[in-house]
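Trainee: Take a look at the following structure, please.
Please treat every number below as a calculation from the coordinates, not as lab data. Because the structure is a prediction, the values reported are computed rather than measured. Positions of Cβ are backbone-derived with ideal geometry, glycine not excepted, and every protein chain shown enters the neighbour counts.
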Amino acid sequence: MAALLLAAAELVLLMALAPGVVGYTRWVKARLQGRRGAGVLQPYRELRKTFGKSMVIADSASWIFHLAPWVVTASTVAAAALVPVVSVHQPADQLGDLFALMALLILGTVFLALGGLDPGTAFGGMGSSREMTVAALTEPTLAIAVLALALTSGSTSLGAIAGTVLANPANAIGPGHALAFAAFLIAMLAETGRLPIDNPATHLELTMIHEAMILEYSGPYLALLEWAAATKLTLLLVLAANMFAPWGIATAIEPGAVARSVGVILAKLLVLATLLAVLETRVAKLRLFRVPELLAVSFTLALLAATSSFFSR
Amino acid sequence: MRLFSKIARTGIVTEALPDQPENPITLARQIDERARALLGRAVAIREVDAGSCNGCEVEIAGLPGPVYDMERFGLHFVASPRHADLLLVTGPVTRNMAVPLRKTYEATPDPKLVVAVGDCARTCGVFAGSYAVAGPVDTIVPVDVYVDGCPPSPADILRGILTALGRLDPSREGR
């Protein structure tokens, strides 16, 4: 019972933190660009405003257009429920593991692409086609990178993987983990639409991927999609933190350990979001036709990681 | 690393808005309080060039930059009228752009505001009477705020947007 309550609290924490993570990243980027920038709370204000606006729906939109935001949000929330945030005890482990997580993420991606295609606009179709190109290369990389960890721990349950790394810290600096971490980071940037694959701040239709698919959405639908995108970013950052460096995560369900663990995960998110902002300041966006090369590199790294984990078991 | 040492040396270059606008800013009609309350400090802006000489666009391009930094007021540009709360319209409306401007206005979800930037948007400027011009902006879509100038400075455009949002009245001044 306590574990279930904690899992629900973790989900709420992740969803509530997500816009803040995006806001913090934007704020750091603004500072690095010599601007004052908006406060960390700006994405919350934007969500409140967008939820309150009316909707304009294209005449050519079918039921798929109306379904897509709900499926994207639901699949992201379900995926967020599977990720261990503050505790390695995951009651959701009985419902889904690493493979369920990846399946939920790709389900959201597919419906987002369908929602982009549905109204029949030129930019929506272009965005969907690009998203599918990128997703086809990143989803297997993410899965194989985490599978490399699963091979060492002998379980595909996310909580068990974090527990095994905690028990054997030597694993964390082994070649399997290091390679998997590099692969995971590149795939994560692609999956969440960050530089150098996609520019989250762009207004140029010809260069966008994620933004191009949601151009037709307005009002509450747009707010749902924005929130889901922020949750996906936070979810993958938490996954990176807790799979590859799980130190600080609670192994027992008691108030002291959980409170400490919340502080630790906030600190980890702060560090990862700062690194993300610094990286986005440093690199330029890749030409679209160079993106598959980068993703192929990350896939190769993931494959090497899995091989290395397999032979060094 | 050289990039980041340069960033550290330069620091924040954002300037405070000057107290007085260089050109007059006119509130054309009373703005719905509900719209102001909802938009508040999070406003998505769609720029519509309805036939301008691009002088105003050069000034508008300065808004997201470090000096004028519109993001500190919670303003940002978006790529689609469906995401927008405020239309920034420039230029005399040409015959070719009259329908697209009308359609952009209709594609913007309520509540929405329109800020007309530059002399041309109000009076058609030097283009008045041309066979290619359909008329000033308010003959096509309702305008909330006019920002005069040829072209107006980025600071004036910012003041115009903030006036439309009711954030420049002394009683409700933000930051």
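Trainee: Specify the inter-centroid distance of segment B:128-146 and segment A:4-58, based on alpha-carbon positions, in whole Å.
Mentor: If you average the Cα positions of each part, the centres end up 38 Å apart.
Trainee: Looking at chain B, send over the antiparallel percent of its DSSP beta bridges, to the nearest 5.
Mentor: 25 percent
Trainee: Quick one: which of B:27-37, A:3-13 comes out on top by average Cβ neighbours within 10 Å, and what's the full order, highest first?
Mentor: Final packing ranking: A:3-13, B:27-37.
Trainee: Additional query: Among B:G11, B:I45, A:L95, whose Cα sits farthest toward the positive end of the charge dipole of the protein assembly as shown (+1 at Cβ of Lys/Arg, -1 at Cβ of Asp/Glu, about the Cα centre)?
Mentor: Toward the positive end, the furthest listed residue is B:G11.
Trainee: Right, another one. From zero up to wherever the largest Cα-Cα distance of segment B:79-136 sits, split into 10 Å bins and tell me the percent of pairs in each.
Mentor: The distribution over segment B:79-136 is 25, 49, 23, 3, given as percents.
Trainee: Just how many % of Cα pairs in the protein assembly as shown lie over 35 Å apart, if you round to the nearest whole percent?
Mentor: Summing the P(r) tail past 35 Å for the protein assembly as shown gives 38 percent.
Trainee: Roughly how compact is segment B:13-168, stated as its Cα Rg over 2.2 N^0.38 Å to two decimals?
Mentor: It is 0.96.
Trainee: Please give the peptides B:128-135, B:85-92, A:218-225 ranked by average Cβ packing (other Cβ atoms within 10 Å per residue), highest first, as a rough proxy for protection.
Mentor: Listed from highest to lowest mean packing, they are B:85-92, A:218-225, B:128-135.
Trainee: Quick one: check the C-alpha center-to-center distance for segment B:1-64 versus segment A:157-201, whole angstrom.
Mentor: Segment B:1-64 and segment A:157-201 have Cα centres separated by 39 Å.
Trainee: Which of A:T138, A:T109, A:L239 sits closest to the plus end of the dipole of the protein assembly as shown, meaning its Cα is farthest towards the positive end, when Lys and Arg get +1 and Asp and Glu get -1 on the C-beta?
Mentor: Result: A:L239.
Trainee: Turning to a different aspect of this structure: Report the charge-dipole magnitude of segment A:2-311 in Debye, nearest 20, computed about the Cα centre from +1 at each Lys and Arg Cβ and -1 at each Asp and Glu Cβ.
Mentor: So the magnitude is around 1080 debye.
Trainee: Right, next: Provide a whole-number value for the mean count of partner chain Cβ atoms within 10 Å of the Cβ atoms in peptide A:49-56.
Mentor: Whole-number average of other-chain Cβ neighbours for A:49-56 is 6.
Trainee: Hey, got the average number of other protein chain Cβ atoms within 10 angstrom for residues in B:71-78?
Mentor: Mean shielding by partner chains, rounded to a whole number: 5.
Trainee: When the scattering of segment A:102-215 is computed by the Debye formula from its Cα atoms alone, each counted once and equally, what is log10 I(q)/I(0) at q = 0.19, 0.20 Å⁻¹?
Mentor: With no solvent term, the Cα-only Debye profile gives -0.92, -0.97.
Trainee: Let me ask something else about it. Which order, highest average first, do B:63-75, A:143-155 follow once you tally other Cβ atoms within 10 Å for each residue and take the mean per peptide?
Mentor: The densest-packed peptide leads the list: A:143-155, B:63-75.
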